[in-house]
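The next block holds one structure in the form of structure tokens; read it before the comments.
The values are calculated or read from the model by the stated rules, or taken from the named source; none is laboratory data. Note that the structure is a prediction, hence the values are computed from the model and not measured. Backbone-built Cβ (ideal geometry, glycine too); neighbour counts: all protein chains shown.
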Amino acid sequence: MRCFIAIDLPEEIKDKIEEVKKHFKIKGIKLVEKENLHITIKFLGEIDEEIVEKIKNLDLSISPIKVKIKNIGVFPNENYIRVIWLGATNLVDLFKEVDEKLSEIGFKKEREYVPHVTIGRVKFIENKKALKDKIEKHRKIDIGEFEVKSIKLMKSTLTPNGPIYEVIKEW
């Protein structure tokens, strides 16, 4: 099954992100559905039940952390935009800690950590300048702050209408 570890977002943060997404309703951009907005801590890929059980047995409980969602960014870069995201502050240490624990059961460590909420995926773009201008205009946006008290192991089922996420375990 396809899995990842994530942080859920409170409804009021998702509501504010919905307002930002309106600026990126552009042909060729697939916006992330409101119910699917989250911060991925670690994408695990296709894993079997045995690995899922090992993950569920890890202690991934966390101390509460204040997180701010702010600033628009892109992957991989401004000249070749594939993903549009909002940054998430204060999470690099948590990402490293989770990565370390997962490496003990065989997962490869990440090279770098860019905590973010994906808001859209660019399939194709007719007017790259218009997109870059929109990103620049909203670059310093501040969505708000919330407290993260738990993280979740999620299952992702891909469908023609987009992914369906299901919580497997919460710490």
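A few points about this structure:
- When the residues of the range 141-171 are filtered to those that are assigned to a loop (DSSP other than H, G, I, E, B) and under 16 Å from the mean Cα position of the chain (by Cα), the one that is surrounded by the most Cβ atoms within 10 Å (Cβ to Cβ) is 151.
- Residue 79, sole failed condition from (1) in contact with a helix residue (DSSP H, G or I) (Cβ under 7 Å, 6 or more places away or on another chain); (2) farther than 18 Å from residue 8 by Cα: (1)
- Test: residue in the range 9-27 that is modelled with pLDDT of 95 or more, in contact with a His (Cβ under 9 Å, 6 or more places away or on another chain) and farther than 30 Å from residue 129 by Cα: yes
- Subset of the range 84-116 that is surrounded by fewer than 16 Cβ atoms within 10 Å (Cβ to Cβ) and touching a strand residue (DSSP E or B) at 6+ places or on another chain (Cβ under 6 Å) - its residue that is nearest to residue 144 (Cα to Cα): 89
- Residue in the range 117-128 that is in contact with a strand residue (DSSP E or B) (Cβ under 8 Å, 6 or more places away or on another chain), more than 22 Å from residue 27 (Cα to Cα) and among the small types (Gly, Ala, Ser) present: no
- Test: residue in the range 92-114 that is on the phi < 0 side of the Ramachandran plot, within 15 Å of the chain's Cα centre (by Cα) and of a type in the set (Ser, Thr, Tyr): yes
- The range 1-47: number of residues that are closer than 16 Å to residue 167 by Cα and part of a loop (DSSP other than H, G, I, E, B): 5
- Close pairs from the range 96-109: first without any contact (Cβ under 8 Å) to a residue 12 or more places away in the chain, partner surrounded by 11 or more Cβ atoms within 10 Å (Cβ to Cβ), Cβ under 7 Å, at least 6 apart: 109/99; 109/103
- Test: residue in the range 40-56 that is aromatic (Phe, Trp, Tyr) and surrounded by fewer than 17 Cβ atoms within 10 Å (Cβ to Cβ): yes
- Residue tally, condition surrounded by 17 or more Cβ atoms within 10 Å (Cβ to Cβ) and over 13 Å from the mean Cα position of the chain (by Cα), over the range 4-15: 1
- Residue list for the range 49-81, restricted to those being over 21 Å from residue 96 (Cα atoms), of a type in the set (S, T, N, Q) and either outside any strand (DSSP E or B) or touching a strand residue (DSSP E or B) at 6+ places or on another chain (Cβ under 8 Å) (or both): 71, 79
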